[in-house]
Amino acid sequence: MILKTLENGVQTLRLNRPEKKNALTGQMYSDLAEALEQGNSDTNVRCHLICGQPEVFTAGNDIGDFLQYAGKVAISDTPVVRFLRALVRNQKPVVASVDGIAIGVGTTLLMHCDMVFASPRALIRSPFVDLGLVPEAGSSLLGPQLMGHARAFELLCLGNAFTAEKAVQIGLVNQIVEDDVDAVALACAKNIAAKPPEAMALSRKLLRGNVDELSERVEEEIQIFAARLTAPETIAAFQAFMMKKKA
């Protein structure tokens, strides 16, 4: 589930499924999407803070839950796709606090954040290709822009795990926090929320540039991702993953 609070202009969205390492379900994606969508028109929301639990940001997509959704409806109508679109069209600053693992979408959503704080035990990994899939959330465009082709290939294609230190080096994380990473991230979010909102919105929009290209890339990734779900090597990879998980 998602724990949502609003205080001092900061809407905190806390991933709260620790028994499953915060693996994201369809309902959690819907809740996140709704919070971002409503935040665009809510003047009380000046900044979003996304955080997880101690030692776990998120293990990424709950594969079993996702396959259940994707098997019933077109992938373009799934909660995860709604969330990805909301992330692209989000108009308010986003701060993230990462403690522990950030897998799959837990990595790619960070590329949409304006400030990212991580604990020393943060571990970032995107095993899309290992599952026979492709990167999502516009990461195939944002990744090379942020860190260069070689590092993006290492993260998104090889699926190598990046430590907090390496994430800082490539520009994915702003700061490593030794003690209470959530507290530091919240202080940053409050600082953002306290600034003149129109000036902040205009400045952020200038920095982000035209989001149409990013939106188009997200839609392209979605189409390829959907096609990959029926590919023999993807099915085999998923079966192997589920068997390993059961074991």
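The values are calculated or read from the model by the stated rules, or taken from the named source; none is laboratory data. A quick note: this is a predicted structure, and the numbers were derived from the prediction, not measured. The accessibility values were calculated without ligands, DNA or RNA, using every heavy atom of the protein model including side chains. Shrake-Rupley method; radii C 1.70, N 1.55, O 1.52, S 1.80 Å.
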Which of the pairs 92/244; 20/195; 4/205; 21/92 have their Cα atoms more than 31 Å apart in this structure? 92/244; 20/195
How far is helix 181-194 tilted, in degrees, relative to the longest principal axis of the Cα atoms in the chain, given as a value from 0 to 90 rounded to the nearest 10? 50
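Can you pull the percent of the chain's accessible area that's carbon plus sulfur, 1.4 Å probe, other chains left in place?
That share works out to 54 percent.
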Restricting to the chain, what percent of DSSP beta bridges are antiparallel, rounded to 5? 30
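With a ≥ b ≥ c the root eigenvalues of the C-alpha gyration tensor of the range 49-188, is it rounded (a/c under 1.5), prolate (a/b larger than b/c) or oblate? Present the calculation step by step, with values, prior to reporting the outcome.
On the way: a/c = 1.62, a/b = 1.37, b/c = 1.18.
Prolate, because a/c is 1.5 or more and a/b exceeds b/c.
What full-extension length gain, to one decimal in nm, is calculated for residue 202 and residue 236 as 0.36 nm per residue of separation minus the Cα-Cα distance? Display every interim value, and only then the final one.
On the way: separation 34, 0.36 × 34 = 12.24 nm, distance 4.70 nm.
Full-extension gain reported as 7.5 nm.
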Per residue accessible area of the range 27-137, 1.4 Å probe, in Å²: 34
Relative to the present Cα-Cα distance, how much length would full extension add between residue 146 and residue 191 at 0.36 nm per residue of separation? 13.8 nm
So the angle from the long Cα axis of helix 63-72 to the longest Cα principal axis of the chain, reported in degrees to the nearest 10, equals 80
Taking Cα atoms, the helix 212-228 axis meets the longest principal axis of the chain at an angle in degrees (rounded to 10) of 20
